[in-house]
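Undergrad: I have a structure I would like to understand better, so I am pasting it below and will then ask my questions one at a time.
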Amino acid sequence: MASNMLSYLHRPHKKRYIFETVPGRLEYIANRFPDKEAYVFLSPGKPRVSITGAELLEKSRAIAKGLVRRGVKRGDVVGISHPNNIDGLLCIFGVIASGATLLNLVFRRPDGSDVRAVLKKARNCSALIIHAGHNNATLKACLHFIDAISDNGKVVSKSFPNLHTLVVTSNCSIDGHKFETITELTNERSGSSLPSLDPDDTALLIGTSGSTGEPKLVVHSHRTVLMCGVHLQDSMGYTSHDVVYNERKMQWIGGFPFQYLLNGVMTVMTDYRFETLKEQCLFAYSAMQQEKCNIACLLPVTLHGLAHIALENKSNFILDNIHTGGLPVAKSCLAVLGILAKKVTVCYGSSEAGFLTSKTVSNISEYVDYSSGFPHQGVEVKVIGTNGSIVERGQDGEIYARTPAMYKGYLHETEKTKKSLNDSGWFKTDDVGHITPEGELVVNGRVSDLLICGGSKVSPSVLENIVRNHPDVHDVVVIPIPDPIKYQVPCACIIFKPNAKTGLEDVQKFCESSDPDIGGNQFSKFVLQYLPEYYLLFADFPRLYTGKINKSELIQEAAKRLNIDISKLF
C-alpha cells in the first residue's frame, strides 16, 4: 500500500526551535516593547486596567525575589489561584522566575478537598498565592488544611509538611489572623538573587479538565511551553501589531500568555464571571470594539452567540481572525464568517501536546464538520485502528501525535504516563477521527465518550450534528443514559436559539426524518438507527473551569429529570 494513502501526516520544522527559559524570553520581549501595553483587563462597571512590558518584567521579578526570600527553592511547587487579572499574570511569571514550578489551583469546594487532592499529588508544594475570593471563600477553604498561621505569611500544615508560605491578593483577616499580601511580599528591600534556570527545567503543571475522571497534572518544561507558543503562532499567524481578545482562563493552556512571550502581542481579557452566555457575548463584543482587537480566541459555544449579536447590531466592526477549538467544531460555529470575522481558524490540541493542527477558513463552504486541519511545523499525526496498525485514509481510528511541544509526563503517575505516551514519543490522545485523502485531520470525538448502544459504538458528535441541523437548535450535547436492554441510549440535551418557536417534539421528528446525507456530512443509515431516545431542554450547560462542558454534572441532571439510576456509568 502506498504510504500516501495511510493515515499519517507530518509537517517539517522550518523555523528554529526556541531553546530558552520563560524568564529569559519575558526579559527579551519586555526590552523590545518596554512601554507597550502587554495586557489589558476589563470588567463590567470597573476601570480599565493595563500593564506594560517593562512593568510586567519588574513586578514579576519582585514577586520571584520575595518568594526566594521566603525559602522557595528551585524545583519547589508553588500553587496559585487567581482570576484573569494583573495579580494572576504577575504570579505566573513571578513563580516561574523564582525557579519553582507553577501549579494553577481551582477551588470549587468550600472545604478545599478538591485542592487538597491536587496538592497531595504535587507533593512538594512550598507556597500558595491566592485571591481570597468572594467573602474570603477561597482563603477559608485553604484553612481546612492549614493548622497554624503567623502574621509574616508563615504557615504550618500537618497534611503538607513542605508548605510554609501563604500570600493573599489584598488585605484580609479571619478570626484575628492577618495574612501577608502580594504588596508586602514585593515591597521588602533586602537583596535576593534569582536562580539560573535551564530550558529543560519544569516550569508549569497544567491540570487536565477532569471530564473523564480525576484531573492529572501535565508537566511542561520551559522549552515545551515556548514551543506551544510557536505552534500557536503557526496556527494564528499573529504579529506584534495584533491585539488579541482572549476569553479563556490563564490557568488553561488556551489562555496561557504564549502570544506575549513569542511576539509581545497585546492581549485583552476579563476577570468577570458572567451568569449567562448572552451577557458574556455582549461584553466580549463591546470589549473587542473598545480595544480595537483584530483577533479573538473564543470557545465554539461563544461563536454562536456572537453571530446573533453581530447580526442584530449591524456594525461595521469585523475581526481579521477568530481562533477556536477545545472540542470538535461543527460547521454551524462558522456562521460568524463575513459577519464578525474575515477568517476563522479551527485548532486541535491538548494540555499534553499543545497545539497540533489547524485550519483557517474564509468561506464556510470550505469547511467540513469537525475538521481540524493540517499539522503545525514539526508535528506528526497518525490514526491507529483496533488492530494497532495505521489505517487507510478515510477510516476512523484513534488519533496519536508526536510533537516538539510534548509534555514530560503526568506528575508522579508513571503508569498513566506509560499508557498515554510510549517510548517513541507518540501521545495517545483518546480522540477518535480520520485523515481525509487530502491530508486533513477530522476529529469526531473522544474514545471515552463513545456510546455503547445495543452492542454498537456510536459517536455522540455525529448525533449532535444531526440535532444541530434543526434551525432552532443553538447548542446540543448528546450524553449516555443507562438502558436495561441496549446498555446505553443517547439523550440529547438541547439549548434553543432566542425566540425559538419550536419544541422538543419537533426536534425529535426532524431527526427521525433526517436524510443520511443531511448537511453534506454523509451520515450512514446505521447511525440513524441510534438517534436519541430522550430530548431535554436546558437554558445553559454546566461547565468546568476550562470552559468545557461538565458532562458528569450534565448526565446527573438529565438522569434526575428522567428518574433513571446512573450508578453504572461512574
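Since every read-out is calculated from the coordinates, none of them should be taken as a lab result. Every value quoted in this text rests on a predicted model; they were computed, and no experiment measured them. Neighbour counts run over all protein chains shown; Cβ positions are idealised from the backbone, glycine included.
Undergrad: When the label point is put 7 Å from the Cα of Asn499 along its Cα-to-beta-carbon vector, which residues of the range 272-315 have a backbone N closer than 19 Å?
TA: Within reach of a label on Asn499: 277-279, 281-282, 304-315.
Undergrad: Which entries of Lys120/Lys416; Lys331/Lys359; Lys382/Lys548; Lys509/Lys548 have Cα-Cα distances beyond 19 Å here?
TA: Lys382/Lys548; Lys509/Lys548
Undergrad: Also: Of Lys249/Lys419; Lys278/Lys314; Lys15/Lys65, which sit over 26 Å apart, Cα to Cα?
TA: Lys249/Lys419; Lys15/Lys65
Undergrad: Here's another thing I want to ask about it. Show me the ranking of peptides 195-202, 83-90 by mean Cβ neighbours inside 10 Å, starting with the highest.
TA: Order by mean packing, descending: 83-90, 195-202.
Undergrad: Ok, one more. For a Förster distance of 30 Å, can you work out the FRET efficiency between the beta-carbons of Asp540 and Gln395, rounded to the nearest 0.05?
TA: 0.25
Undergrad: Using DSSP to define loop residues, name the GluC sites (Glu not before Pro) in the range 406-510 whose beta-carbon has at most 12 other beta-carbon atoms within 10 Å.
TA: In loop regions of the range 406-510 (DSSP not H, G, I, E or B), the sparsely surrounded GluC sites (Glu not before Pro) are Glu438.
Undergrad: Give the order of Val230, Val381 when sorted by the count of other beta carbons within 10 angstrom, beginning with the fewest.
TA: Fewest to most other Cβ atoms nearby, the residues stand as Val230, Val381.
Undergrad: Sticking with the crude label model, points 7 Å out along Cα→Cβ, report the distance from Tyr17 to Asp472 in nm, one decimal please.
TA: With each label placed 7 Å out from Cα toward Cβ, I get 5.7 nm.
Undergrad: What share of the DSSP beta bridges in the chain is antiparallel, in percent to the nearest 5?
TA: 60 percent
Undergrad: Among Gly133, Phe283, Ala148, which residue has its Cα positioned farthest towards the positive end of the charge dipole of the chain, with +1 placed on the Cβ of Lys and Arg, -1 on the Cβ of Asp and Glu, and the dipole taken about the Cα centre?
TA: Ala148
Undergrad: Report the semi-axes of the equivalent ellipsoid for the range 434-504 in whole Å, largest first, where each axis is √(5λ) for an eigenvalue λ of the Cα gyration tensor.
TA: Values for the range 434-504, descending: 24, 21, 8 Å.
Undergrad: Still on this structure: Just the ratio, please: alpha-carbon radius of gyration of the range 1-118 over 2.2 N^0.38 Å, N its number of residues.
TA: Working: Rg = 19.6 Å, N = 118, 2.2 N^0.38 = 13.5 Å.
So the Cα radius of gyration is 1.45 times the expected 2.2 N^0.38 Å.
Undergrad: Ok, one more. Reachable lysines from Lys418, Cα under 18 Å, same-chain residues fewer than 8 places away excluded?
TA: Lys121, Lys216, Lys408, Lys428
Undergrad: Also: Do you know the relative contact order of the chain, to the nearest whole percent, from alpha carbon pairs under 8 angstrom that are 6+ apart?
TA: Over the chain, the number comes to 12 percent.
Undergrad: Packing-wise, with mean Cβ within 10 Å as the measure, how do 367-380, 107-120 rank, highest first?
TA: In decreasing order of mean packing, 367-380, 107-120 become 367-380, 107-120.
Undergrad: Please give the peptides 419-430, 290-301, 236-247 ranked by average Cβ packing (other Cβ atoms within 10 Å per residue), highest first, as a rough proxy for protection.
TA: Packing order, densest peptide first, comes out as 290-301, 236-247, 419-430.
Undergrad: Same structure, new question: Kirkwood Rh and Cα-based Rg: tell me the resulting Rg over Rh for the range 28-88, rounded to two decimals. Spell out each step's value before the answer.
TA: Values: Rg = 14.0 Å, Rh = 13.4 Å.
With Rh from the inverse mean 1/r over Cα pairs, Rg/Rh is 1.04.
Undergrad: For Asp147 and Phe317, FRET efficiency with R0 = 60 Å and r from the beta-carbon atoms, rounded to 0.05?
TA: 0.65
Undergrad: Compute for the range 307-432: radius of gyration divided by Kirkwood radius, i.e. Rg/Rh, restricted to C-alpha atoms, rounded to two decimals.
TA: Result for the range 307-432 is an Rg/Rh of 1.07.
Undergrad: Here is a follow-up. In Å and from the alpha-carbon atoms only, list the Rg and Dmax of the range 51-197.
TA: Computed over the Cα atoms of the range 51-197, radius of gyration and Dmax are 14.1, 41 Å.
Undergrad: So, one more: Estimate the FRET efficiency between Glu58 and Lys418 by the formula 1/(1 + (r/R0)^6), using the beta-carbon distance for r and 51 Å for R0, to the nearest 0.05.
TA: The formula returns an efficiency of 0.75 here.
Undergrad: I've got another one for you. So what's the projected area for the range 380-482, the Cα convex hull averaged over all directions, in nm²?
TA: 9.5 nm²
Undergrad: Roughly what would the spin-label model give for Ser448 and Glu188, points 7 Å off Cα along C-beta, in nm?
TA: Placing both labels 7 Å along Cα→Cβ, they lie 4.1 nm apart.
Undergrad: Over all distinct Cα pairs, what is the inverse of the mean 1/r for the chain, reported as the Kirkwood hydrodynamic radius in Å?
TA: Computed over Cα pairs of the chain, the Kirkwood hydrodynamic radius comes out at 24.8 Å.
Undergrad: Could you give the size of the charge dipole of the chain about its Cα centre, using +1 on the Cβ of each K and R and -1 on the Cβ of each D and E, expressed in debye and rounded to the nearest 20?
TA: 1060 debye
Undergrad: Based on Cβ point charges of +1 for Lys and Arg and -1 for Asp and Glu, what charge dipole magnitude is obtained for the range 73-227 about its Cα centre, in debye rounded to the nearest 20?
TA: 340 debye
Undergrad: Let me ask another. Need one number: % antiparallel among DSSP beta bridges in the range 316-365, to the nearest 5.
TA: Just about 50 percent of them are antiparallel.
Undergrad: Which aspartates and glutamates have a Cα less than 19 Å from the Cα of Lys46, not counting those fewer than 8 places away in the same chain?
TA: List returned: Glu37, Asp87, Glu247, Asp271, Glu275, Glu279, Glu291.
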